[in-house]
Amino acid sequence: MTDNLTSDEPAVAAKSGAIEARQITIDDQLLQVAIRHGSGSGPPLLLFNGIGANWELAKPFLEALTHTTAIIFDVPGVGGSPRPLLPYRPSMVARLAAGLVAQLGYTEVDIAGVSWGGGMAQQFAHQYPKLCRRLVLAATAPGATMVPASPAVLWKMATPRRYTDKDYMTRVAADIYGGAFRYDPSLIGQHAAAMHGARNLGYLYQLLAMAGWTSLPWLWSLPQPTLVLMGSDDPLVPPINGHILARLIPNAELRMIDDGHLFMVTRPAETAGLIEAFLADESKQIEPSSLRPRANNRIREIVPSPDGGHHQP
């Protein structure tokens, strides 16, 4: 692994499967970037991580990929990316990501987002539709209009304490993440050991970025084939949110995983296999002209008609 390279240093051929960490400046913002080099010929997968999460927390998933090149970066104020002077919105994160993609020399990418990062992934797909070929949304929701977790879970997520206090993390992990964390305490220690990303103000900036943001008005317009992955035992993002995304995105499919919120960490091989199969499936195409009628049909299925029933497509 090569650490702390700048974007101006010459590129070095990397062995397939190796993870290279670099620091790259985009629009005067320094970003800590990790690239998992793959042998495949398809577009790279750009991954947006969860709230407060440094890129190393996604390492089990990155290492489980078999041939896909993957790119991930710490958002400003998290991990190795310094905090900006002012708060930001998802549109700015998408703009930084697009600049990173261009600086790395790519003209097309696949996009994935986990939890908080799922909102960034939706924003990127909406903001840069020609740059985003396919979309993967994992354990995420359409923003402020989501079906929320219980108040007890949301309270535990209100601060980054679980990132800075390992004992606290041990006490609350099962309640927040569910799934395998409920019955395998060793997973909690492994996950906590990789945490060093969240800082108080950086975490607050991430919370503020999503305040009032929702993708609901334009989900119908996303042209990308989309894979929605949800954990069946996810206390933080209830699975119903995945059903909403899959219903409103015209060319989306939903896959449930028998685990909790962090299935990409606890089931990395299974998750990587599902995603790589989706990205390689050449039948996943869509005609842009079909988006609106397909979206109208989806909406009619879930919106009650005046007589109290449901519209028929």
**Asked** So how much slack lies between ASP184 and GLU282, counting 0.36 nm per residue of separation and subtracting their Cα-Cα distance, in nm?
**Response** 31.5 nm
**Request:** Only residues of the range 245-284 count here: report those whose backbone N is under 14 Å from the spot 7 Å along Cα→Cβ of VAL147, or say none.
**Result:** 245-248
**Fill in**
In nanometres, the difference between 0.36 nm per residue of separation and the alpha-carbon distance of ARG89 and LEU207 is 41.5 nm
**Efficiency of FRET from Cβ geometry, ARG171 and ALA102, R₀ 41 Å, rounded to 0.05** = 0.40
**Prompt:** Between PHE48 and residues 5 or more places away or on another chain, which pairs have amide H atoms under 5 Å apart, with H built 1.01 Å from N, and which residues are they?
**Reply:** ALA112, GLY113, VAL114
**Candidates per GluC sites (Glu not before Pro) in the range 54-146, loop by DSSP, up to 15 other Cβ within 10 Å** = GLU108
**Asked** Leaving out same-chain residues fewer than 8 places away, which lysines sit with a Cα under 18 Å from that of LYS15?
**Response** LYS59
**Prompt:** Accessible area per residue of the chain at 1.4 Å probe, in Å²?
**Reply:** 43
**Prompt:** Which of the lysines could a cross-linker span from LYS156 if the Cα-Cα distance has to be under 23 Å and same-chain partners fewer than 8 positions apart are dropped?
**Reply:** LYS166
**Message:** Stokes-Einstein diffusion coefficient for the chain at 4 °C in a medium of 1.567 mPa s, Rh from the Kirkwood formula over Cα pairs: what value in µm²/s?
**Reply:** 65
**Complete:** Residue separation between ASP28 and GLU253 times 0.36 nm, minus their alpha-carbon distance, gives in nm 77.2 nm
**Item:** Vicinal HN-Hα couplings computed from phi for the range 159-174 (Karplus, 6.51 cos²θ - 1.76 cosθ + 1.60; Hz; Gly/Pro x)
**Value:** 10, x, 4, 5, 7, 10, 10, 5, 5, 5, 4, 4, 6, 9, 4, 5
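The values are calculated or read from the model by the stated rules, or taken from the named source; none is laboratory data. Computed from a predicted structure; not experimentally measured. Neighbour counts are summed over all protein chains in view; Cβ atoms, including those assigned to glycine, are modelled from backbone coordinates with ideal geometry. Calculation scope for accessible area: heavy atoms of the full protein, side chains included, ligands and nucleic acids excluded. Shrake-Rupley method; radii C 1.70, N 1.55, O 1.52, S 1.80 Å.
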